Amino acid sequence: MSLRNIAIIAHVDHGKTTLVDQLLRQSGAVRANQEMAERAMDSNALERERGITILAKCTSVLWEHGGAETRVNIVDTPGHADFGGEVERILSMVDGVVLLVDAAEGPMPQTKFVTSKALALGLRPIVVINKIDRPDGRPDEVHEEVFDLFAALGASDAQLDFPLLYASGRDGWAVRTLADDRVDLAPLFETVVAHVPRPSAETRVDEPFAMLATTLEADPYLGRILTGRIESGVATANRAVKVLNRSGKLVERGRITKLLAFRGLSRQPVAEARAGDIVAIAGLPTATVSDTLCDEAVATPLPAPPIDPPTISITVSINDSPLAGREGDKVQSRVIRERLLREVEGNVALKIAETDAKDAFEVSGRGELQLGVLVETMRREGFELSISRPRVLFRTNAETGALDEPIEEAVIDVDQPYAGAVIEMLAKRKGELKDMRPSGEGKTRLVLHVPSRGLIGFYGDFLTETRGTGILNRLFHSYAPHKGPIEERRNGVLISNCDGESVAYALWYLEERGVLFVPPGTPVYQGMIIGEHSRDNDLDVNPTKQKQLTNIRTTSKDEAIRLTPPRVLTLEQAIAYIAEDELVEVTPKSIRLRKAVLNPSMRKRRVPKDAA
C-alpha cells in the first residue's frame, strides 16, 4: 500500500473543512448510512459556534483505484491569519498541499501567507478553485491571479507548473476542465496520488526511530498525546524512547504506551507504524511540541521549523472587582499561571511572561482573535480574569536604532458608496492605500498597509460605517518605522459611582447621556463602565437611583419607562473597545467593562501623574 501526506490550506471560509467532509464520505471512511455532523473536523465547541477552524486536525482515507490502494493522510488547517502558527508547524510533516481558492474572492491575505510557507519548503501545490457554482464566480481570472501570486512569491518552474482543478466542496465534485461531467471527487484523489510524492522518509525505514512532535493535546485517559510524522525507523507500542529538545538536551526517557493511527474520523491503536506515516503517541508526560522522540542511538534532534514572532499582547490578571468569585471557581493567580503555561506548551505561536505584579501575566500572540479565543476557552473552564487593552509589540531597528512597529496588510471588500469613507477612516489611523479596484457585484476591493495599532478597535467602527456589509481581512506584512500617534476612541464612558443593581428609572434618565451597555437589574459596582458617553469625557453616574415615592399626586405618575435595548459587546469587541486605563472583567457568565482604578478620587489623582 502506498502512502501520501497532504495538507489542505486556504484563506478562512474558502471551504477546506467542507471539502474534507466529502473526501471522507466518498472514500468510504464514513459509511453511506452513517450520520456525520457538518464540518465534522471542527469538533471543538468554539469552532462549531464561530464556523472557523482553530486547531489543525488529522484524518486518513483509503483510496482504491485500478486495483491499487493508497492511504492519504489529510491535515485540515485553520484559515484565519491569527492561527497561522498551526499552519507553519503542520507543513513540516506533509509532502504536498491542496491550495483552495474561492472562485469569486480569489487569493486573499491568508492564501498569500500559507502559499509562501508551502513554497519556501519546496512543496508543489495542487490548486483547487472551489465554490465554482457561485453566481459571481470568475474562475479564469482567479487562475491568473493565483499564477501571479506564485510568481510574486518566487515559485520555481516546477511549482509554477501546478495542476488545476475546479470543484464544489459542498456538492462533492471536482473536474479538470469546466466542460467535464460533474460527478464526484475522483479527479482530486487521482491528482493527489499522481502529483504528490511518496514520503521521502520511507527510504529511511531501516534507520533508528525518530519523530518530530508537531501538535500536542491532552486526553483524560491517555494523558498527553503527541502527533507527528515518523522521519525514520519503525515505531512500536511499548517501545522505549528518549526525548530531545531543539538544542539536543535530554528531556526525558519513557515508553510508548499507545501508538495511534488516524483512520477516518477516529484514532485507532496499531501495533507498529513505519517511517513516513503520521501517528499519535501517548506515554510521555513531559515531551512537548518541537521535541524529537527517538531511539537511544539517536544523538541529534530533528530540525524544527521556525515560527513567526507574536505582534500583539494583553495583560491577563486576577479578577479583583467587588463581584469577584461569584460565578467562577478558578480565581487564584497560581491556577491562572498553570493554565497559561499549559496552553503555551501546545501553542507555540503564544508567549507568556510574568510582570512586576505577581498576579498578572503578559500574553503575546498573533492577533486579537487568537487571544480572544484563549480567554473565551478559559472562561468556559470556570476562570475569572481581568484583561487589558491589546498592545502592539514594538522592536528596535538593529541598523538605525529607531523604533519599528508591525504593519498589517488589510484587504477590504465594501460596497462602492462606502469606499471613500473607509479610506478616510484608515487614513486617520496612518493607513496607506496600495490598491483599489472593482471586485464585481457593485463592490470595491481596497488593499491598505495599516499599523497594527490602527486596527485595534477599528472593526466595530468599520461595520457601523459600512452598515454591516463590509468584509475585512488582515495579515501581518512587515515591520516599518513608527508612524507617530494614532487617534483612539473619541467618546468617553459612563461610570457607575456606587454599588447595587441598575434600575430602569435611573437608566431612563441616563439614556440622553449616551449609549448604555447594561439592562435593568444588572449588578453594578463603583468604577464599572455601564455605557458610552456622548461626549469625549468620562462621566460618573448613578444607575441605581430609585424613584422617590411620596403621597403627592403628579401628572407623570403613570408615565411608562421604555428603554432602548443596550449595546451588548462580545468578548473581542469588549477587548478592542477599552482604553489604556480600563479592563475587561471576564467570568463564566458575564463580560463587564471597568476602570483599572475603581475609586473615582484615586482615579483623578492618577491622571496628572500619568500625563507627566
Next item on the list: Compute the long axis of helix 368-380 from its Cα atoms, compare it with the longest principal axis of the Cα atoms of the chain, and write down the angle in degrees, 0 to 90, nearest 10.
Entry: 80
Next item on the list: Starting from the residue with the highest accessible area, list 437, 391 in decreasing order, probe 1.4 Å.
Entry: 437, 391
Notebook entry, point to check: Rounded to the nearest 10 Å², what accessible area does residue 1 show when all protein chains are kept and the probe is 1.4 Å?
Noted result: 140
Checklist line | Area projected by the alpha carbon convex hull of segment 335-433, averaged over all directions, nm² | finding: 9.8
Next item on the list: Scan segment 164-262 for trypsin sites (Lys or Arg not before Pro) in coil per DSSP, keeping those whose Cβ has at most 14 other Cβ atoms within 10 Å, and list them by number.
Entry: 176, 246, 249
Notebook entry, point to check: For the chain, what does -39500 (n - 2.57) per DSSP helix run (n ≥ 4), summed and divided by total residues, give at 222 nm, in deg cm²/dmol to the nearest 500?
Noted result: -6500 deg cm²/dmol
Notebook entry, point to check: Are any of the pairs 117/351; 330/589; 330/358; 117/258; 358/595; 57/443 more than 23 Å apart by Cα-Cα distance, and if so, which?
Noted result: 117/258; 57/443
Next item on the list: Pull up the cross-link candidates among the aspartates and glutamates for residue 483, meaning alpha carbon to alpha carbon under 14 Å and not fewer than 8 places away within one chain.
Entry: 404, 405, 408, 432
Item checked: All-pairs alpha carbon distance profile, segment 255-402, 5 Å steps from 0, percent -> 2, 7, 13, 15, 14, 13, 12, 11, 8, 4, 1, 0
Notebook entry, point to check: Taking the Cα centre of segment 474-541 as the origin, how large is its charge dipole in debye, to the nearest 20, when only Lys and Arg (+1) and Asp and Glu (-1) carry charge on their Cβ atoms?
Noted result: 420
Next item on the list: Quote the relative contact order of the chain in percent (integer), defining contacts as alpha-carbon pairs under 8 Å separated by 6+ residues.
Entry: 10
Notebook entry, point to check: Per-residue accessible area for residue 469 at 1.4 Å probe radius, Å² rounded to 10?
Noted result: 50
Checklist line | At most 13 other Cβ within 10 Å, DSSP loop - trypsin sites (Lys or Arg not before Pro), segment 410-496 | finding: 467, 490
Next item on the list: Find the accessible area per residue for segment 306-362; the probe is 1.4 Å, ligands and nucleic acids are left out, and the unit is Å².
Entry: 52
Check: Got a sec to turn the phi values of segment 432-443 into Karplus ³J(HN,Hα) couplings, 6.51 cos²θ - 1.76 cosθ + 1.60 with θ = phi - 60°, whole Hz, x for Gly and Pro?
Finding: 10, 6, 9, 7, 8, 8, x, 10, x, 6, x, 10
Next item on the list: Compute the acute angle (0 to 90°) between the alpha-carbon long axis of helix 333-346 and the principal axis of greatest extent of the alpha-carbon atoms of the chain; round to the nearest 10°.
Entry: 30
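The values are calculated or read from the model by the stated rules, or taken from the named source; none is laboratory data. Computed from a predicted structure; not experimentally measured. So basically every Cβ, Gly included, is an ideal-geometry build from the backbone, and we count neighbours across all protein chains shown. Side chains are part of the model used for accessible areas, which takes the heavy atoms of the whole protein and leaves out ligands, DNA and RNA. Shrake-Rupley method; radii C 1.70, N 1.55, O 1.52, S 1.80 Å.
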